[in-house]
Amino acid sequence: MKIIILITFILSLSNVFAQDNPTSFNITESESFHYDKKIDGILAMKTLNTGVTGVVLEHEKRNVLDKPYFFFDIFDKNLIQIFTKKVEIDKNESYVGDLYYNGILKVFTVYQPNKKERTVYVHQLDINHKTYKRVKLFDARIQKKQNLFATKNSHVTNFSISPNNTYFAVATDNISKKMNDYDIRVFDVETNELIYKKNYQKDKERGYEHNDLYIDNDAVVYSVGKRFLSKRERVEQKRGSMYKFVLNKITETDSQAIDITLDQKHVQSLSITDINDEMHLLGFYSERNENLLKGGCNFTIDLENFRVMSKKFDELPKQVYDDMYNERASKRKNEDKKELKNFNIDHVITTAQGDSYLIAEEFYITTSYAPNGQFGGAQVTTYHYDNILILKFNSEGNLDWGRSIFKVATSPSYNVFYKDEKLHVLLNSGKNLKEKKDGRVKVSKGFFESTALYDVEISQNGEVSYNKIQDNKGETTYQPFYGTYELNRFLMPSDGGKEKRFMILE
């Protein structure tokens, strides 16, 4: 067994990628700061123009005697901790989203007193005045086994603040056995007072799955999502999806919807994006089913007349396959128009020039049986966070190029931001990246290998370079996944339990 391991280790050295590109970032590390509880993750983080940063961290309940806590912290421009507030939350209270406006970080939670009642709270951190308070936003009733926020990634899709920081909107589900029912609530951002509540997409048969939310400066709310067909409509529709995409326009007095025609294509989800003061709905499409990916789609919305002005479907460029597969497999998959699977959109970034980037990671779960000698065995679940896909749309809505990062990992680790006309993908991987015989670079960690922090830099033309920020062995390990990009710098926290610090890339 030892011989096999040794041979595997020696062979792995033969294809080490020559990593001689140091990062171009200026790197600063803060002093460390200490907590009396182990920190599980960062829920929200925001840096003001003054350089002062507000952070909300979470300590989760680990056993019946343990209590869950939020930590509300403020750091000065040198990342010295100048305020901290430890708040015990209920064991049945959980984070669902956050928003920021004018120096105040709002963190939303849902409390579950029983199976049918829900209370939404706002935890407010005033970064300028170094104060904290909790406010009850609203109460709601749900059916047994239903969720108030049923949409996945609710912190991304179910909360929205108007560009002028005057209103914020909350989208919730209220599905019962007899009725599919959905609500939009609009609040005053300063007072948290309810401006209006409006019901939409109410139907006995047809369900609705909310995808994304946007509220404008006049408190008009737009919700894009899937409206599932009734039994009669499914019989009449002999082929195609079992749903339609719709864009809802909701005001205090009215709600209306327009269909997003898919031309017999399948779309998993759409994201609302503002490009040059135009509303665009961006996503991936498939010719086969919604869990596959053949290319990118872009719908332009005429808000004045509330109609779809244009739609475009662009197939994946061959370069995407070249980055993931060897030459032979890439050629075959491209010629056969082989569709990818298990990709979900994580980020949509729009530049000042009107370009848009869609970034997605391949995620799936596998199970295997691990024998345990005479005592039998157990099922082992493995989470896969693999290849990263990047599509760039230009200001006209056309697909410019597509690239992918050939990656293998078992935990979420990456983050992305746009700086100095380049896209940066930050992640931790093995100390030495591997280069395949065909020139592809594999981003993964070997069994015996230590880790390193990398910046995968992608130019406006889609050229990729792999730059090492640091070897993590003997150094503090940082978590890009929890980082934020603001004021032309990327700020990310360290790994670890009670001891934390920050790294700044500028």
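The values are calculated or read from the model by the stated rules, or taken from the named source; none is laboratory data. Quantities reported herein were computed from a predicted structural model and do not represent experimental measurements. Please note: Cβ atoms are built from the backbone with ideal geometry, for glycine as well, and neighbour counts cover all protein chains shown. These accessible areas exclude ligands, DNA and RNA; they are computed on the full protein's heavy atoms, side chains included. Shrake-Rupley method; radii C 1.70, N 1.55, O 1.52, S 1.80 Å.
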Worksheet item: So which residues in region 186-225 are surrounded by 22 or more Cβ atoms within 10 Å (Cβ to Cβ) and either of a type in the set (A, V, I, L, M) or in contact with a Pro (Cβ under 8 Å, 6 or more places away or on another chain) (or both)?
Response: V186, L213, I215, V221, V224
Worksheet item: When you scan region 417-444, how many residues do you find that are in contact with a His (Cβ under 9 Å, 6 or more places away or on another chain) and either under 16 Å from N326 (Cβ atoms) or open to solvent by 10 Å² or more (accessible area, probe 1.4 Å) (or both)?
Response: 1
Worksheet item: If K46 passes every condition in (1) open to solvent by 10 Å² or more (accessible area, probe 1.4 Å); (2) under 17 Å from K498 (Cα atoms) but one, which one does it miss?
Response: (2)
Fill in: Single unsatisfied condition, Q256 versus (1) at pLDDT below 90; (2) within 21 Å of D181 (Cβ to Cβ)
(1)
Discussion item. Can you list residue pairs whose Cβ atoms sit under 7 Å apart, with the first residue in region 275-287 being within 12 Å of L303 (Cα to Cα) and open to solvent by less than 10 Å² (accessible area, probe 1.4 Å) and the second being in a strand (DSSP E or B) and not β-branched (V, I, T)? Count only pairs 6 or more apart in sequence or on different chains.
Written reply: H280/N298; H280/F299
Worksheet item: If the Cβ limit is 7 Å and pairs must be 6+ apart or interchain, which residue in region 22-40 that is in contact (Cβ under 8 Å) with a residue 24 or more places away in the chain pairs with which residue that is part of a strand (DSSP E or B) and of a type in the set (S, T, Y)?
Response: K37/Y69
Worksheet item: Can you name every residue in region 53-76 that is more than 23 Å from the chain's Cα centre (by Cα) and open to solvent by 20 Å² or more (accessible area, probe 1.4 Å)?
Response: K61, R62, N63, V64, L65, D66, K67, Y69, D76
Worksheet item: Which ones in region 316-343 are open to solvent by 60 Å² or more (accessible area, probe 1.4 Å) and part of a strand (DSSP E or B)?
Response: K341
Worksheet item: Only one residue in D314, D346, D386, D322 is over 24 Å from V267 (Cβ atoms), modelled with pLDDT of 90 or more and of a type outside the set (A, V, I, L, M, F, W, C), so which one is that?
Response: D322
Discussion item. Among the listed residues I301, I272, identify the single one that is surrounded by 13 or more Cβ atoms within 10 Å (Cβ to Cβ) and farther than 23 Å from G402 by Cβ.
Written reply: I301
Worksheet item: Assuming T484 fulfils every condition listed in (1) surrounded by fewer than 17 Cβ atoms within 10 Å (Cβ to Cβ); (2) under 20 Å from S32 (Cα atoms); (3) of a type in the set (S, T, N, Q) apart from one, which condition is it?
Response: (1)
Discussion item. Can you pull out every residue in region 24-51 that is touching a Phe, Trp or Tyr at 6+ places or on another chain (Cβ under 8 Å) and within 28 Å of Y101 (Cα to Cα)?
Written reply: E29, S30, Y35, I39, G41, I42, L43, A44, M45, K46
Worksheet item: Is it true that some residue in region 94-116 is open to solvent by 70 Å² or more (accessible area, probe 1.4 Å), in contact (Cβ under 8 Å) with a residue 24 or more places away in the chain and more than 20 Å from N165 (Cα to Cα)?
Response: yes
